[in-house]
Amino acid sequence: MSENNYFEAVFEVTRQIPFGRITTYGTIANYLTLGSARMVGWALNKSHSGEDVPAHRVVNRKGELSGRNHFPAPGLMQALLENEGVKVKENVIQDFEKHFWDPADGLEDY
């Protein structure tokens, strides 16, 4: 799979994350069965260039907003999540399990 195809696959899964829910880089990588959590992060880094990809809904396995520094403004990732009803404290998702979404539970195999 080429880099562009992989990135598009990551974008497509990310577009499916329901409003008010979050998932992790590793969960997306496992679902796609290609690459790693780091590669998902690289792909989502490229999504800020005009794609309609809700990258703010993807966090690390600890529920930390590890991608927050790649958003155009400090605090934007947290603000977007909070606008969807997801509570964030000190850059960590509160009630992680309540908000967690696994594409394996809601999407056809990719």
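What the table shows:
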{"item": "Single residue of Ile28, Ile17 found to be crowded, with 19+ Cβ neighbours inside 10 Å, at pLDDT 95 or above and in a loop (DSSP other than H, G, I, E, B)", "result": "Ile17"}
{"item": "Inter-residue pairs, beta-carbon under 6 Å, first in contact (Cβ under 8 Å) with a residue 24 or more places away in the chain and in the stretch 93-105, second assigned to a helix (DSSP H, G or I) and aromatic (Phe, Trp, Tyr), 6+ apart", "result": "Pro103/Tyr31; Ala104/Tyr31"}
{"item": "Residue that is nearest to Ser47 (Cα to Cα) [pool: residues in the stretch 70-83 that are touching a strand residue (DSSP E or B) at 6+ places or on another chain (Cβ under 9 Å) and in contact (Cβ under 8 Å) with a residue 12 or more places away in the chain]", "result": "Met77"}
{"item": "Pick from the stretch 44-86, criterion touching a Gly at 6+ places or on another chain (Cβ under 7 Å) and charged (D, E, K, R), ranking: farthest from Val13 (Cα to Cα)", "result": "Glu84"}
{"item": "Hits in the stretch 51-75 (condition: over 20 Å from Phe100 (Cα atoms) and of a type outside the set (Phe, Trp, Tyr))", "result": "Glu51, Asp52, Asn69, His70, Pro72, Ala73, Pro74, Gly75"}
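The values are calculated or read from the model by the stated rules, or taken from the named source; none is laboratory data. Bear in mind that the values here come from a model prediction, so they are computed numbers and not experimental data. Heads up, the Cβs are rebuilt from the backbone with ideal geometry, glycines too, and the neighbour counts pull from every protein chain shown.
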